[in-house]
Structures are given as C-alpha cells and as structure tokens.
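To start, the structure under review is shown below, and the notes come after it.
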Amino acid sequence: MADVPATRASLLVRLRDRQDEAAWSEFVRLYAPVVYRFARGRGLQDADAADLTQEVLRSVSASVGAFDPRLGLFRSWLFTLAHRRLYDFVQRRQHQDGGGTVVATQVLDAMPAKNDQADWDKEYERQLFQFAAELIRPTFTETTWQAFHLTAVDGQSGQEAAQELGISVAAVYLAKSRVMVRLKAEIARLQME
Amino acid sequence: MQCPTPQILQHLLDDTVLADQRAEIETHLESCPICQQQLEKLAAGGVTWDKTAQNLGEKPASGETALTEALSKLNDTPTSALLTQAESMPRPIDVDLSFLQPSEKPNSLGKC
C-alpha cells in the first residue's frame, strides 16, 4: 500500500526521551492494537496476542533509539520487529509444549504464506483512522458526530440522517464536512514526518 | 439564490461566513446537491471519504479482552518502569534492529 501514511518523526524523536509519558501513551494506543490484531490474524489466541504485544512494545522501548529513519519507514521497522518476535514467541511456545501444539504448528506453517506486509499496512491504516476519530470525537456534540457517522460511515443520505436526527439537511452536510476536516487534520498530526 | 462560490462555502465550513449570509446559504444548501457535493469536496477528496467509510466502518473483532487489559496496564505503567522491564527481560535476538528491513520475499522474515 504505497499511500499508507508514514509515522511522524516528531513522535519517534520524543520516544527516545524515556520521561515523555505522553509520547509513549500515544504510541501505545496507536500501535498496540496493530500488533495485537496482526498476531490474532496469524492465529494467536487473545492472551497470547496480548503477551506478544507487550513483548514487542517493550522491545521498541529498548531499541527505538537504534531506528534510523533514513533506512526506511518506522512502520516497516516495527513490522519486521513484530514479525520476528511472533516467530520467536511461537517457537518458544512450541518448545515449552514439548514438540509443539497444533495451534503453534499451524501458526508457523501459515506465516510464510500470508501477505504479511499488506495485512500490517491495512491494519495500521484502520487503527490510524480509528484512533484519530477517538481523539476528536469528544470535541463535537453527539448530534454533529452522529450526522457525520450516519452519512460518511453508514452510507445514509443527508435527508435520511436529517430525519433521524431531527436537524436540517444543510446542518447534516455541514456537520459531516466539519468532522471530516478535523479528522484529516488529526490523521496528519499523527503521521506528520 | 445562485450557487455560492467555493470560497463562500469554505467560509461556511470554517464558520467565518458573514452572519447575514449564513441563513441564505444554508437555505440554499438544504436543497442544492451541487453545493452539498462541493462542501464535501472542500472537506476532503473522494479517496479520503472512501477510506473513512472503510476504516471507520470495520468494527474490531470481538474477544479483544486481553488487549484492553494490556493497554490499560501499559498506560498505567510509567515509562521508566516500562523501560526497566524492557532492559531486564530476556532478549531472544539482538536489540539493535536498525539493520533490519522488511523482506521482499514472502518466505523470509527480513533482510539486512
């Protein structure tokens, strides 16, 4: 996916500061679901995927200083890290189980066949939109947000949404467009290079 | 009323339109599909609207209990504690990962 947004450098710079709690919180809230869902998509169960997610994020905290943006995108660097951790995690489980559970074997067998990078990029983009929406939603009234969601996400017409919400069609279009402007700006803020 | 110019619609979007123009423009916008579309276009291009529908329309799979708990735990952990844990945990591979790049081959984990 060539048009998947890149991770903003400023966040990466801030992550090198171990005291920057806000940067780490934002990083975790943005990336943990991506890692977790990637792991679930590779066959890990809920608790195992969460364990792996914590392992990956801790690895990032230890090695983010080594990431060089000149060598590629942070998202791709994290993908490689998550992929390797997933492989190690499953192999470790297989070893602990004395030869391997059926699930572990299935995960290892499935790994080379999956289109991992494309799945990762898709999950990242989805999380980027959802995280940005989560951040901006409290700044709008519930009616404004619903006008946006009903029309832009659920596919209702302006007239249908207006009727459901008891507002004018013009108000629906204005609400929808104003939320979109903010959503775009928030996504840009999260991904700024 | 004739269709307002894109600049005037932009002012409406920015909430900077003159007060005496607002009512007239909104009355026009109520029933003019061209201006409704123009307003959407000013807010975002077609690709962005499509991606928004796609990415916000998909609900996360059910059963993400452990993710929610892990997020809560990580959010509650001060960075210093997190880093201490990271530094003391076993490292199956070298932590200097700067040489890694995504693999171009489907059956490889990465390249260096």
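Over all directions, how big on average is the projection of the convex hull of the alpha-carbon atoms in segment A:12-53, in square nanometres? It would help to have the intermediate numbers written out before the result.
On the way: hull surface 12.5 nm².
Its Cα hull, projected and averaged over all orientations, spans 3.1 nm².
What's the exposure ranking of A:HIS83, A:HIS149, B:HIS28, going from fewest to most Cβ atoms within 10 Å?
With the fewest neighbours first, A:HIS83, A:HIS149, B:HIS28 line up as B:HIS28, A:HIS149, A:HIS83.
Modelling each spin label as a point 7 Å along the Cα-to-Cβ direction, I'd like the B:LEU18/A:ASP17 distance in nm, to one decimal.
4.7 nm
Report the far tail of the P(r) of segment B:1-44, meaning the percent of Cα-Cα pairs longer than 11 Å.
For segment B:1-44, the fraction of Cα-Cα distances above 11 Å is 62 percent.
Taking θ as phi - 60°, what are the ³J(HN,Hα) couplings along segment A:48-62 by the Karplus curve (6.51, -1.76, 1.60), each to the nearest whole Hz, with x for Gly and Pro?
5, 5, 5, 4, 4, 4, 5, 4, 5, 5, 5, 4, 4, 4, 7
Treat every Asp and Glu Cβ in segment B:1-44 as -1 and every Lys and Arg Cβ as +1, leave all other atoms uncharged, and give the resulting dipole magnitude about the Cα centre to the nearest 20 debye. Provide the component values of the computation, followed by the final result.
Working: 2 positive and 7 negative charges, 32 e Å.
Magnitude of the dipole: close to 160 debye.
Only the coordinates and a few stated rules stand behind these numbers; no lab work does. Computed from a predicted model, the values in this text were never measured in an experiment. Quick reminder, even Gly has a Cβ in these numbers, built from the backbone with ideal geometry, and neighbours come from all protein chains shown.
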